[in-house]
1. Quick one: which of A:172, A:160, A:168, A:202 is within 11 Å of chain B (Cβ to nearest Cβ), surrounded by fewer than 23 Cβ atoms within 10 Å (Cβ to Cβ), in contact with a helix residue (DSSP H, G or I) (Cβ under 7 Å, 6 or more places away or on another chain) and free of Cβ contacts under 8 Å to residues at least 60 places away in the same chain?
2. So, of the residues in segment A:175-193 that are touching a helix residue (DSSP H, G or I) at 6+ places or on another chain (Cβ under 6 Å) and in contact (Cβ under 8 Å) with a residue 60 or more places away in the chain, which turns out to be farthest from the other protein chains (Cβ to nearest Cβ)?
3. Among the residues of segment C:284-329, which ones are surrounded by fewer than 20 Cβ atoms within 10 Å (Cβ to Cβ) and more than 19 Å from residue C:244 (Cβ to Cβ)?
4. Which numbered condition trips up residue C:158, out of (1) more than 20 Å from residue C:111 (Cα to Cα); (2) touching a residue at least 60 places away in the same chain (Cβ under 8 Å); (3) assigned to a helix (DSSP H, G or I)?
5. Report yes if residue A:196 is more than 8 Å from chain B (Cβ to nearest Cβ) and not in a helix (DSSP H, G or I), otherwise no.
6. Among the numbered conditions (1) buried (at least 18 other Cβ atoms within 10 Å of the Cβ); (2) within 14 Å of another protein chain (Cβ to nearest Cβ); (3) touching a residue at least 24 places away in the same chain (Cβ under 8 Å), tell me where residue C:215 comes up short.
7. For segment A:95-106, state whether one or more residues are touching a strand residue (DSSP E or B) at 6+ places or on another chain (Cβ under 8 Å) and surrounded by 24 or more Cβ atoms within 10 Å (Cβ to Cβ).
8. Residue C:160 versus (1) within 11 Å of chain A (Cβ to nearest Cβ); (2) surrounded by fewer than 23 Cβ atoms within 10 Å (Cβ to Cβ): which is the lone unmet condition?
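The values are calculated or read from the model by the stated rules, or taken from the named source; none is laboratory data. Model, not experiment: these values are computed from the prediction. All Cβ positions, glycine included, derive from the backbone under ideal geometry; neighbour counts span all protein chains shown.
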């Protein structure tokens, strides 16, 4: 059977970029390694350009193993943009640390893994993408290999991640056994035709547990605050953004394309999971005094909001998820980039050390504030529109979830404002101004502007997301 | 005479998976935990091969899947052992209870 | 296409704020001037719109409408009618005065004025948006600037400013959380009725009035809770005195003067119009809560010794009248509600600006510590007493007619209950006069001999707001004709729906 390998060109380019960075890093002298970050940025931007060229392409490779549609392309662009912003935000951090070659190439491979996940059309591709991403992240998490905190986070991450992969795989194997197929859309057709069996429900539960772990939904969230705190901050940012977004992409693909036939059996479970995640994430964030842990819990809560879009398993729901995930990327990266840079300057992650940040660096303080308020869903920032989209899908049948979501998002303002309080009211202990280096400033300004613009004028993005969600059902 | 059917394989795999899961949750030694994860993955492999033989005998879907799982599991263990060595250098221990720098 | 006057009004303060970002932070004079110019442009233009509005034609005028988010049916829809115009004018009057009331701010003036200008823009936006989504965008924009302003420039008296700020913020946000649920539910239901998403007030009104009585009732309850907590409806009022006491003068002025009115405005323009059956069902409860607010807050004010708390409680009490008036659901009542919001806005802003000056000069707001200030600062005393007299509804000042109107309507609809409300007036007179007498009159105190009277630009709030207070009192038709032109068609819609629905 002939197939069109050009559909794979984005992934091939990314893989080539990763290898090129690896080789360049090995052959270039130590003094030139600082340039690797810029090579990575330019390369990823080039790949993004190629990915934009794929917009509108609909097709599949290897009889449905690998899907190319607007849905996948949208996610790929999201990952690429996230990767570019992370690299820009972490250049200084990595230059201080050394090991640029490994850092940048691993990061590119993690991105590649995410892209494969977004395009996965069957369980093997799904698994390959997922593991490529996870193993890359494991390496990145313990990148500060001489610091016990980082390595400890790494071992926690690898043990729990591979356990969750095993659970996920067991679920996948059960579904394969019951349907005789591993192609996602094919499975969907078979599931819809046959009666529901307990084994299938067990498989679905295991899938939910496995994916729930990746997106850190309560009660599978225990790892994330620890790993987020221990990992190098830019890696945490990418983990919180990329890993979560990619897992959501594949979660939607599996649940909405393969399991809509038994929707009534899992909708309520997902709704409850979303509600619990929102509540726990927001409430536990309140007492945190470390900015990374606070952001970790808030990103758990954000995962809960995104899950809301899965409940109805409709095009509107998918659209809500994609819209929210896109702006979540920018808000989270903005906040984490501030945290990274602040750590570079002061060596501290404590919230109380952020005192007077508004006077030391107005830009950093504003970006942090905007990012947090967007996550809280305060207009006119992007988070508000995102929540509006998500909750319009469920308000008719799951009114209680809408109440939980919106009331808890107002509660979340409480802990976000505590950070704002420290940054804006308190006098700095050390009042030397913080000079923001230009790549970091680019990241900060981009994240803030996107968050503001999408909040005030979401029309264009919603059109794009509409097209992407629509293509989901064309396969 | 006892014939081995699909059920036997599935039950074996379920038992193996449960043992693995129990081990992951209860073992203190990082290497033991890693081994238990391997048990879980092998349970998956048994499932895949058995289903492939009984459900889709004309296609090799399950076998191919199992090969991928084995390969990736090897990579995972490689990274896992590397990290365990790194942490042993730092702490002179591979006991998970002693990794208390972060709130577990 | 004609000159887009509403966008200019809306964006002038925002443009000024943007300019301020690039002004060096030590150029205090320049910073204040830029802020003043920005708000002045808005104020002048809103006068132009107010007197240019064609009352005989009525309806929405100066309309600007663009597609905004197509799949949610959101349009960028700015317009004014007889109800939003007085509110727009009020916002600009107070915004302009607030700049001058904070003329002497010492610490970090640039940030202060940037936030203040953003705040003014947000409030204005809610009054001229005629699309529910855009309305919500502006509705919550104001919360965060207020929080930051209170924690940095506020003052800690009975409660710390951090507590006051957080209480203010959380109360309003929780309220808006419920409001949002209601709005989203209303929106999804409207799609199935209209066949296409449309978030404009008029479309939602058409869809909302066709909802079943049950849906209307629970949706209205949610909206009532959301808007009610903003208008400090009893028993969700407790943020209001604490918040005002902690806030800097300009924030108190804007918050008490106009921000609270968004609650009343939203209640009339969104909740009542869209869900008339729900409104009809809850009206008696609104009246009871309104009267409870009037009585409770009046007695509360009586017990206060801090000037700002007195005015804070008094504003809760005045908003109680607005609630009663809305609950009447007739033309006279709604006229009274809107007019009273305008009147109270002017008066409360004047009150808070005068208290701000007193506090700035004497460093106290504690009534027993003061006395005889009229000897040293006569102009300040004039402003204070004008606000006080307006507060107790003296004929000839702006708030007499609105209160009178409200009582007429309330007596018609709620009879006995209204008596309690009217009795509130007496208590108001008591605490306002007592506060005025103990602060301003009596023998002069020597420790205040060094005080300087307000002078120069400090007089701007007194002149601007005082003029409106008197002109509005002497020529009430200026205000009432305008409001009436907005309320009559609105009431016609409501009663139409209620009659169609029979005896609901």
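1. A:202
2. Per the stated criteria, the residue is A:192.
3. If the condition is that a residue be surrounded by fewer than 20 Cβ atoms within 10 Å (Cβ to Cβ) and more than 19 Å from residue C:244 (Cβ to Cβ), then C:284, C:285, C:288, C:292, C:295 are the ones that fit.
4. Of the numbered conditions (1) more than 20 Å from residue C:111 (Cα to Cα); (2) touching a residue at least 60 places away in the same chain (Cβ under 8 Å); (3) assigned to a helix (DSSP H, G or I), the odd one out for residue C:158 is (3).
5. The answer is yes for residue A:196.
6. (1)
7. There is no residue in segment A:95-106 that is touching a strand residue (DSSP E or B) at 6+ places or on another chain (Cβ under 8 Å) and surrounded by 24 or more Cβ atoms within 10 Å (Cβ to Cβ).
8. (1)
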